[in-house]
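Here's the structure we're looking at; comments come further down.
The values are calculated or read from the model by the stated rules, or taken from the named source; none is laboratory data. What you see is a predicted model, and the numbers here were worked out from it, not measured in a lab. Backbone-built Cβ (ideal geometry, glycine too); neighbour counts: all protein chains shown. Ligands, DNA and RNA are excluded from the accessible area calculation, which covers all protein heavy atoms including side chains. Shrake-Rupley method; radii C 1.70, N 1.55, O 1.52, S 1.80 Å.
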Amino acid sequence: EIGTIKAALIFICGFLCIWINYDSDNQRYIFRQTKGECLIWGKKPSKIVAEYTTASGAIKKNLLLLDGWWKVSRHFHYMPEILASICWSCPAQTSGVVGPYFYSFFLTILLIDRAFRDDDRCRKKYGPYWEKYCNEVPYLIVPFVL
């Protein structure tokens, strides 16, 4: 048994992770829908207007968000996803079975690999705009670590 207090802490942590993940995705959604004309955490968000060329040669523009959760790291929303998966596994504690923690391990590897692939794709797509974005948001997923 894990006890009521430990179970409540795991639940609160898991719920908080899910809410943060939702909120970060929602910030990006609202930012895109309003073309950056919105408020994020009570202020007008900073942004980079990035141009890119399509395969057909057309020049297009996208906005890169530099505020809210997206100022913390370029793929911040992966962090609460991974932490939530750990919360779902925590009730198993140290049962000696690897199974409950396999999903968290697999998800961590998957999302880290995906973050690096997305970063490469964006670097090729946006060129100098992506370099500027990376200077503004230097961390890939975990601030001060990765």
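When Lys and Arg each count +1 and Asp and Glu each count -1, what net charge do the other residues less than 10 Å away from Ser46, Cβ to Cβ, add up to?
Values: positive: Lys43, Lys44, Lys47, Lys71; negative: Asp67, Glu136.
Neighbour charge sum, excluding Ser46 itself: +2.
Taking the Cα centre of the stretch 2-146 as origin, work out the dipole magnitude from +1 charges on Lys and Arg Cβ and -1 charges on Asp and Glu Cβ, in debye rounded to 20.
Details: 18 positive and 12 negative charges, 92 e Å.
Rounded to the nearest 20 debye, it is 440 debye.
Calculate how steeply helix 99-126 sits against the longest principal axis of the alpha-carbon atoms of the chain, using the helix alpha-carbon long axis, and give the answer as 0 to 90 degrees to the nearest 10.
Value to nearest ten degrees: 10.
Run the accessible area of the stretch 39-146 with a 1.4 Å probe and give the carbon-and-sulfur part as a rounded percent. Write out the running numbers ahead of the final one.
Values: 4140 of 6490 Å².
Within the stretch 39-146, the accessible surface is 64 percent carbon and sulfur.
If the viscosity is 1.567 mPa s and the temperature 4 °C, what translational diffusion coefficient in µm²/s does Stokes-Einstein give for the chain when Rh comes from Kirkwood over Cα pairs?
Reported coefficient: 75 µm²/s.
Using the Cα centre of the chain as origin and beta-carbon charges of +1 (Lys, Arg) and -1 (Asp, Glu), tell me which of Gln27, Tyr52, Leu39 is placed farthest towards the positive end of the dipole.
In the chain, that residue is Tyr52.
Looking only at Lys71, Lys43, Lys125, which one moves most when the chain is put into a Gaussian network model with springs between Cα atoms under 10 Å?
Highest fluctuation of the listed residues: Lys43.
When the Karplus curve 6.51 cos²θ - 1.76 cosθ + 1.60 is applied with θ = phi - 60°, which whole-Hz ³J(HN,Hα) does each residue of the stretch 127-141 get, with x for Gly and Pro?
x, x, 5, 5, 4, 4, 4, 5, 5, 6, 10, x, 9, 6, 10
Per residue, how large is the accessible surface of the chain? Use a 1.4 angstrom probe and give square angstrom. Walk me through the numbers before you get to the answer.
Values: 9330 Å² over 146 residues.
With the other protein chains kept in place, the chain gives 64 Å² per residue.
Quick one: dipole size for the stretch 21-77, taken about the Cα centre, charges +1 on Lys/Arg Cβ and -1 on Asp/Glu Cβ, in debye to the nearest 20.
Computed charge dipole of the stretch 21-77: roughly 140 debye.
Just to confirm a number: summing +1 for Lys and Arg and -1 for Asp and Glu over residues other than Cys134 whose beta-carbon lies under 9 angstrom from that of Cys134, what do you get? Show your work: numbers first, answer last.
On the way: positive: Arg74, Arg123, Lys132; negative: Asp119, Glu131, Glu136.
For residues surrounding Cys134, the net value is 0.
Enter the mean projected area of the convex hull around the alpha-carbon atoms of the stretch 48-117, in nm², rounded to one decimal. Present the calculation step by step, with values, prior to reporting the outcome.
Values: hull surface 26.4 nm².
Mean shadow area of the hull around the Cα atoms is 6.6 nm².
When the solvent-accessible surface of protein heavy atoms is calculated with a 1.4 angstrom probe, in what order do Cys122, Cys90 fall, highest first?
Working: Cys122 20, Cys90 40 Å².
Reading off the accessible areas and sorting them downward yields Cys90, Cys122.
How charged is the neighbourhood of Phe76? Take every other residue with its Cβ under 15 Å from the Cβ of Phe76, and add Lys/Arg as +1 and Asp/Glu as -1. Can you show the working numbers first?
Details: positive: Arg28, Lys71, Arg74, Arg114; negative: Asp23, Asp25, Asp67, Glu81, Asp118, Asp119, Glu136.
Taking every other residue near Phe76 into account, the sum is -3.
Do the sum for the chain: with -39,500 (n - 2.57) for every DSSP H run of n ≥ 4, divided by all residues, what is the mean residue ellipticity at 222 nm, to the nearest 500 deg cm²/dmol?
Working: 5 runs with 83 residues, N = 146.
The helix contribution divided over the chain gives -19000 deg cm²/dmol.
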